[in-house]
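Written out below as C-alpha cells is the structure these notes cover.
No value in this document is a laboratory result; all are computed from the given coordinates. Keep in mind it's a predicted model, so treat the numbers as computed, not measured. Don't worry about glycine lacking a Cβ; one is built from the backbone with ideal geometry, like all the others, and counts go over all protein chains shown.
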Amino acid sequence: MTLSEMALTTDGKEYIKPLPHLSLQTFPTPSDYPVAWICTLTVEFEAATEMLDEKHGSFKGDSVDPNVYALGRIGQHNIVIVCLAKGWVSIASATSTVAHMLHTFRHLKLGLLVGVGGGAPSTASDIRLGDVVSPGRGEDLLYVADYPHKIGEETCRNCDGTRLVKREEWPVDNVKVNYGTIGSGDVVVKDGVVWDEISKSCDGILCFEMEAAGVMHIFPSLVIRGICDYSDSHKNDTWQHYAAATAAAFAKDILQNISSGM
Ligand SMILES: [Zn+2]
C-alpha cells in the first residue's frame with residue numbers, strides 16, 4: 001500500500017482506495033484476523049503496510065463502521081491495520097475507531113498501537129531520536145527544559161546552542177529500545193518544563209503520545225512509539241518518517257516472535 005493508493009473524500013478523511021483485484025472472497029473473513037495494528041498518522045500507516053509480508057488489500061466495514069482497513073499478514077498472523085483520519089487525533093476518536101473495529105473484527109486477540117511519540121529524556125533515561133546517517137544527524141538537539149524555542153522560527157537555526165544539553169555522541173545506526181512508562185494525553189505536549197514536571201511526578205515517563213488512553217479501556221494493546229521529538233517547543237516533524245519506521249520494524253519483530261496460538 002502506498003500513498004498513491006490513498007484518496008481524499010469529501011468529509012476530509014483519508015481513505016485507502018479499494019484494490020479491485022483483492023477481496024475478502026479470496027482471502028480470510030474478518031474473524032480470521034486476530035491482530036490489530038492501530039496507527040494515527042499517514043506516515044505510521046505507510047510504515048505499517050510496508051511491514052506486511054503479504055498484502056490482502058483494503059476492506060470497508062458495514063454501514064455501522066466508517067473505518068477502512070488494510071489487511072495482510074506478518075509471519076503467522078493475519079493483521080488488520082486501521083488508521084485514524086487526519087485531524088482526528090484525540091482520545092475520543094481513538095476510542096471510536098477501535099470500537100468500530102471491534103464491531104467488525106470480532107475475534108481480535110492482540111492489539112498493537114504503533115507510531116511516533118515525543119520523548120522525555122532524563123538523566124535516568126538517555127533517549128535519542130531515531131538515528132539516520134545524514135541530514136537528521138545534526139538535528140537531534142535536546143535543549144534544557146526551560147529554554148523555549150524562538151517564536152516564529154521553523155527550525156532551531158537561531159536557537160541558542162549554548163542551551164543544548166551536552167550528551168555523548170550517539171553511534172550511527174544505533175536504535176535503542178527503551179522499556180518503561182508511556183504517558184498518554186489529549187493535547188500535544190510541546191513544553192519542556194511541563195513534560196519535565198509530569199515525568200518526575202509519574203516516576204519517570206519515557207515518552208508522550210495521544211491515543212493509548214482512548215484505546216486501552218476497550219481493547220488493551222501493546223504501545224510502541226518511535227521517538228520523533230522531545231515534547232518541547234523545539235519539536236518539528238523532521239524525524240516522523242524515521243521514527244514511524246523504527247516503531248513499525250520493532251512491532252513486526254515482536255509479531256514474528258509470537259506464536260499463532262498467542
Ligand atoms: Zn528551537
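Observations on the structure shown:
- Under 17 Å from a label point set 7 Å out along the Cα-to-Cβ vector of Val144, the amide N atoms of the stretch 186-216 belong to 192-197.
- Local electrostatic count, Asp196, Cβ distance below 14 Å [Lys/Arg +1, Asp/Glu -1]: -3
- Arranged from fewest to most other beta-carbon atoms within 10 Å of their beta carbon, Val187, Val35, Val175 become Val187, Val175, Val35.
- Simple spin-label estimate for Ile151 and Ala92 in nanometres, 7 Å along Cα-Cβ: 3.0
- Ranked by how many other beta carbons lie within 10 Å on average, peptides 73-81, 115-123 from highest: 115-123, 73-81
- Neighbour cut-off at most 10 other Cβ (10 Å), DSSP loop, chymotrypsin sites (Phe, Trp or Tyr not before Pro), the stretch 153-258: Tyr179
- Pairs with C-alpha atoms separated by more than 20 Å, drawn from the list Lys150/Lys200; Lys109/Lys176; Lys150/Lys176; Lys55/Lys252; Lys55/Lys176; Lys60/Lys252, are Lys150/Lys200; Lys109/Lys176; Lys150/Lys176; Lys55/Lys176; Lys60/Lys252.
- Going from the residue with the fewest nearby Cβ atoms within 10 Å to the one with the most, Arg225, Arg157, Arg163 rank Arg157, Arg163, Arg225.
- Ile254, Ile198 arranged by Cβ crowding within 10 Å, fewest neighbours leading: Ile254, Ile198
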